[in-house]
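Below you'll find the structure, written out as C-alpha coordinates, and then a few comments.
The values are calculated or read from the model by the stated rules, or taken from the named source; none is laboratory data. The structure presented is a predicted model; accordingly, all values stated were derived computationally and were not measured. With ideal geometry, Cβ positions are generated from the backbone for all residues, glycine too; neighbour counts draw on all protein chains shown. Calculation scope for accessible area: heavy atoms of the full protein, side chains included, ligands and nucleic acids excluded. Shrake-Rupley method; radii C 1.70, N 1.55, O 1.52, S 1.80 Å.
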Amino acid sequence: MVEEQLRPRGIVDERVLEAFLAVPRHEFVDPALGVRAYDDCSFPIGYEQTISQPFTIAFMVQALEVAPRSRVLEIGTGSGYQTAILSRLAHDVFSIERIEQLLDAAEAVLARLKTGSIRVKLGDGSLGWRSYAPFDRILVSAAMTGRPDALIEQLAEGGRLIAPISESAEHLVLFTKRDGRAAAQRIARCAFLPLRTGAA
Ligand code: SAH
(Lines give C-alpha, C1' and ligand atoms only; values in the text may rest on other atoms or scores of the structure.)
Protein backbone atom coordinates (compact mmCIF):
# COMPACT_ATOMS: atom_id res chain seq x y z
CA MET A 1 0.00 0.00 0.00
CA VAL A 2 2.72 2.46 0.98
CA GLU A 3 5.08 1.65 -1.89
CA GLU A 4 2.43 1.18 -4.62
CA GLN A 5 -0.35 3.61 -3.71
CA LEU A 6 1.13 6.34 -1.55
CA ARG A 7 4.78 7.06 -2.35
CA PRO A 8 4.39 7.12 -6.18
CA ARG A 9 1.47 9.56 -5.88
CA GLY A 10 3.41 12.16 -3.96
CA ILE A 11 3.15 11.11 -0.33
CA VAL A 12 6.76 11.79 0.63
CA ASP A 13 6.55 12.82 4.28
CA GLU A 14 8.38 9.97 6.01
CA ARG A 15 6.50 10.44 9.28
CA VAL A 16 3.21 10.03 7.40
CA LEU A 17 4.46 6.96 5.53
CA GLU A 18 5.71 5.41 8.78
CA ALA A 19 2.29 5.94 10.37
CA PHE A 20 0.65 4.07 7.46
CA LEU A 21 3.16 1.23 7.88
CA ALA A 22 2.42 1.03 11.59
CA VAL A 23 -1.40 1.05 11.60
CA PRO A 24 -3.05 -2.24 10.54
CA ARG A 25 -5.91 -1.20 8.21
CA HIS A 26 -7.41 -4.71 8.28
CA GLU A 27 -8.38 -4.17 11.92
CA PHE A 28 -10.75 -1.36 10.90
CA VAL A 29 -12.73 -3.17 8.18
CA ASP A 30 -14.85 -6.30 7.84
CA PRO A 31 -12.53 -9.26 8.65
CA ALA A 32 -13.96 -11.05 5.58
CA LEU A 33 -12.00 -8.63 3.37
CA GLY A 34 -8.70 -10.18 4.45
CA VAL A 35 -5.70 -8.68 2.62
CA ARG A 36 -8.09 -6.70 0.39
CA ALA A 37 -8.25 -4.34 3.37
CA TYR A 38 -5.09 -2.74 1.89
CA ASP A 39 -6.63 -2.18 -1.56
CA ASP A 40 -6.67 1.25 -3.19
CA CYS A 41 -10.29 2.03 -2.33
CA SER A 42 -12.85 2.89 0.32
CA PHE A 43 -15.01 0.16 1.91
CA PRO A 44 -18.42 0.20 3.57
CA ILE A 45 -18.27 0.20 7.39
CA GLY A 46 -22.05 0.08 7.93
CA TYR A 47 -24.62 2.81 8.56
CA GLU A 48 -24.10 4.02 4.96
CA GLN A 49 -20.58 5.20 5.84
CA THR A 50 -17.17 4.20 4.51
CA ILE A 51 -13.55 3.97 5.56
CA SER A 52 -11.77 6.39 3.23
CA GLN A 53 -9.31 5.36 0.51
CA PRO A 54 -5.76 5.22 1.96
CA PHE A 55 -4.44 7.79 -0.52
CA THR A 56 -7.18 10.28 0.37
CA ILE A 57 -6.31 10.03 4.05
CA ALA A 58 -2.57 10.25 3.34
CA PHE A 59 -3.04 13.30 1.10
CA MET A 60 -5.07 15.15 3.75
CA VAL A 61 -2.81 14.17 6.62
CA GLN A 62 0.34 15.19 4.72
CA ALA A 63 -1.20 18.56 3.78
CA LEU A 64 -2.24 19.09 7.40
CA GLU A 65 1.47 19.08 8.45
CA VAL A 66 0.88 17.51 11.84
CA ALA A 67 3.76 18.15 14.24
CA PRO A 68 4.69 16.02 17.28
CA ARG A 69 3.33 18.74 19.56
CA SER A 70 0.05 19.22 17.62
CA ARG A 71 -3.36 18.90 19.19
CA VAL A 72 -5.64 17.64 16.43
CA LEU A 73 -9.42 17.68 16.14
CA GLU A 74 -10.95 15.13 13.75
CA ILE A 75 -14.58 15.33 12.63
CA GLY A 76 -16.03 11.95 11.58
CA THR A 77 -14.22 9.15 13.43
CA GLY A 78 -15.87 6.54 11.20
CA SER A 79 -13.82 3.33 11.44
CA GLY A 80 -11.15 5.03 13.58
CA TYR A 81 -8.40 4.27 11.04
CA GLN A 82 -7.49 7.88 10.33
CA THR A 83 -7.74 8.58 14.07
CA ALA A 84 -5.06 5.95 14.69
CA ILE A 85 -2.86 7.40 11.92
CA LEU A 86 -3.21 10.92 13.35
CA SER A 87 -2.42 9.70 16.86
CA ARG A 88 0.98 8.46 15.73
CA LEU A 89 1.84 11.91 14.37
CA ALA A 90 0.28 14.24 16.92
CA HIS A 91 0.48 14.86 20.67
CA ASP A 92 -3.27 14.48 21.22
CA VAL A 93 -6.17 13.59 18.95
CA PHE A 94 -9.77 14.56 19.70
CA SER A 95 -12.30 12.87 17.44
CA ILE A 96 -16.06 13.37 17.09
CA GLU A 97 -18.51 10.94 15.46
CA ARG A 98 -22.28 11.26 15.25
CA ILE A 99 -23.18 7.56 14.85
CA GLU A 100 -22.93 5.80 18.20
CA GLN A 101 -22.42 2.28 16.83
CA LEU A 102 -19.50 3.41 14.68
CA LEU A 103 -17.95 5.26 17.57
CA ASP A 104 -18.27 2.19 19.84
CA ALA A 105 -16.65 -0.05 17.23
CA ALA A 106 -13.84 2.44 16.58
CA GLU A 107 -13.17 2.82 20.29
CA ALA A 108 -12.94 -0.95 20.74
CA VAL A 109 -10.35 -1.31 17.94
CA LEU A 110 -8.35 1.72 19.06
CA ALA A 111 -8.23 0.37 22.63
CA ARG A 112 -6.75 -2.90 21.35
CA LEU A 113 -4.03 -1.26 19.25
CA LYS A 114 -1.03 0.70 20.37
CA THR A 115 -1.97 4.28 19.55
CA GLY A 116 -1.11 7.72 20.86
CA SER A 117 -3.42 9.84 22.98
CA ILE A 118 -7.00 9.74 21.64
CA ARG A 119 -10.20 11.15 23.11
CA VAL A 120 -13.51 10.55 21.37
CA LYS A 121 -16.97 12.02 21.70
CA LEU A 122 -20.42 11.31 20.28
CA GLY A 123 -22.01 14.36 18.72
CA ASP A 124 -22.17 16.85 15.90
CA GLY A 125 -18.59 17.64 14.99
CA SER A 126 -19.50 20.71 12.96
CA LEU A 127 -19.76 22.51 16.31
CA GLY A 128 -16.22 21.49 17.27
CA TRP A 129 -15.21 20.58 20.83
CA ARG A 130 -15.12 23.83 22.73
CA SER A 131 -13.74 22.52 26.04
CA TYR A 132 -10.51 21.33 24.36
CA ALA A 133 -10.11 24.22 21.91
CA PRO A 134 -8.00 25.70 20.47
CA PHE A 135 -6.64 23.01 18.14
CA ASP A 136 -3.47 23.28 16.06
CA ARG A 137 -4.92 21.11 13.33
CA ILE A 138 -8.51 20.23 12.35
CA LEU A 139 -9.45 17.57 9.81
CA VAL A 140 -13.01 17.10 8.57
CA SER A 141 -13.86 13.73 6.96
CA ALA A 142 -17.33 14.50 5.60
CA ALA A 143 -18.38 17.11 3.05
CA MET A 144 -19.53 20.45 4.41
CA THR A 145 -21.48 23.14 2.62
CA GLY A 146 -20.06 26.58 3.18
CA ARG A 147 -17.26 27.88 5.36
CA PRO A 148 -16.70 25.98 8.64
CA ASP A 149 -16.84 29.09 10.82
CA ALA A 150 -17.43 27.32 14.16
CA LEU A 151 -14.35 25.18 13.54
CA ILE A 152 -12.20 28.09 12.33
CA GLU A 153 -13.02 29.82 15.60
CA GLN A 154 -11.56 26.83 17.49
CA LEU A 155 -8.40 26.79 15.38
CA ALA A 156 -5.22 28.08 17.06
CA GLU A 157 -3.18 30.95 15.63
CA GLY A 158 -0.92 29.46 12.94
CA GLY A 159 -3.26 26.46 12.74
CA ARG A 160 -4.34 24.48 9.69
CA LEU A 161 -7.81 23.09 8.93
CA ILE A 162 -8.68 20.83 6.01
CA ALA A 163 -12.27 20.14 5.02
CA PRO A 164 -14.08 18.86 1.92
CA ILE A 165 -16.42 21.65 0.90
CA SER A 166 -19.07 21.19 -1.73
CA GLU A 167 -20.27 24.16 -3.69
CA SER A 168 -20.89 23.69 -7.40
CA ALA A 169 -18.08 21.10 -7.19
CA GLU A 170 -16.41 19.52 -4.19
CA HIS A 171 -12.89 20.54 -3.16
CA LEU A 172 -10.56 19.86 -0.29
CA VAL A 173 -9.98 23.30 1.18
CA LEU A 174 -7.05 24.20 3.40
CA PHE A 175 -7.62 27.06 5.85
CA THR A 176 -4.58 28.62 7.50
CA LYS A 177 -5.10 31.01 10.38
CA ARG A 178 -2.92 34.11 10.75
CA ASP A 179 -3.70 37.18 12.87
CA GLY A 180 -7.12 35.74 13.68
CA ARG A 181 -8.08 35.37 10.02
CA ALA A 182 -8.37 32.17 8.01
CA ALA A 183 -7.21 32.18 4.40
CA ALA A 184 -8.73 29.47 2.21
CA GLN A 185 -6.94 27.56 -0.53
CA ARG A 186 -8.36 24.74 -2.67
CA ILE A 187 -5.83 21.90 -2.71
CA ALA A 188 -7.66 19.14 -4.63
CA ARG A 189 -10.95 17.95 -6.10
CA CYS A 190 -12.62 15.31 -3.96
CA ALA A 191 -15.80 13.30 -3.26
CA PHE A 192 -16.83 12.67 0.36
CA LEU A 193 -20.06 11.53 1.96
CA PRO A 194 -22.03 14.51 3.28
CA LEU A 195 -21.59 15.80 6.80
CA ARG A 196 -24.90 15.51 8.61
CA THR A 197 -25.97 17.84 11.35
CA GLY A 198 -28.69 17.33 13.94
CA ALA A 199 -29.56 14.08 15.74
CA ALA A 200 -28.25 10.77 14.40
N1 SAH B 1 -11.87 8.88 8.19
C2 SAH B 1 -12.99 8.01 8.40
C3 SAH B 1 -14.10 8.47 7.47
C4 SAH B 1 -15.44 8.00 7.84
S5 SAH B 1 -16.73 8.58 6.76
C6 SAH B 1 -12.56 6.59 8.07
O7 SAH B 1 -11.69 6.45 7.22
O8 SAH B 1 -13.07 5.64 8.64
C9 SAH B 1 -17.25 10.06 7.55
C10 SAH B 1 -17.77 9.92 8.97
O11 SAH B 1 -18.27 11.20 9.36
C12 SAH B 1 -18.93 8.95 9.12
O13 SAH B 1 -18.62 8.01 10.10
C14 SAH B 1 -20.10 9.84 9.56
O15 SAH B 1 -20.98 9.20 10.46
C16 SAH B 1 -19.36 10.99 10.22
N17 SAH B 1 -20.13 12.22 10.32
C18 SAH B 1 -21.01 12.76 9.41
N19 SAH B 1 -21.49 13.92 9.86
C20 SAH B 1 -20.91 14.14 11.10
C21 SAH B 1 -21.01 15.17 12.08
N22 SAH B 1 -21.81 16.23 11.90
N23 SAH B 1 -20.29 15.05 13.21
C24 SAH B 1 -19.47 14.00 13.42
N25 SAH B 1 -19.34 12.98 12.53
C26 SAH B 1 -20.04 13.05 11.38
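Which is the longest stretch in the chain that no exposed loop site breaks, taking sites as GluC sites (Glu not before Pro) with a DSSP loop state and at most 12 other Cβ atoms within 10 Å?
49-166
Per residue, how many Å² of accessible area does segment 60-200 show with a 1.4 Å probe? Mind dumping the intermediate values first?
Numbers: 6490 Å² over 141 residues.
Solvent-accessible surface per residue comes out at 46 Å².
If you line up the Cα atoms of segment 46-200 on their principal axes, what length do they span on each, largest first, in Å?
Largest first, segment 46-200 extends 40, 34, 29 Å along its Cα principal axes.
Using modelled amide H (1.01 Å from N, peptide plane; none on Pro or chain starts), what sits under 5 Å from the amide H of Val120, excluding residues fewer than 5 places away?
Here the answer is Ser95, since their amide H atoms fall under 5 Å of that of Val120.
Among DSSP beta bridges lying fully in the chain, give the percent that are antiparallel, nearest 5. Intermediate results must be reported in sequence, preceding the final value.
Numbers: 18 of 39 bridges.
Of all bridge pairs located within the chain, approximately 45 percent are antiparallel.
Are there trypsin sites (Lys or Arg not before Pro) in segment 30-86 that DSSP marks as loop and that have at most 12 other Cβ atoms within 10 Å, and which are they? Display every interim value, and only then the final one.
Numbers: sites: Arg36, Arg69, Arg71; in loops: Arg69.
Hits after loop and neighbour filter: Arg69.
Could you check how much of the accessible area of segment 2-189 is carbon and sulfur, as a whole percent, using a 1.4 Å probe?
Using a 1.4 Å probe with all protein chains present, segment 2-189 comes out at 49 percent carbon and sulfur.
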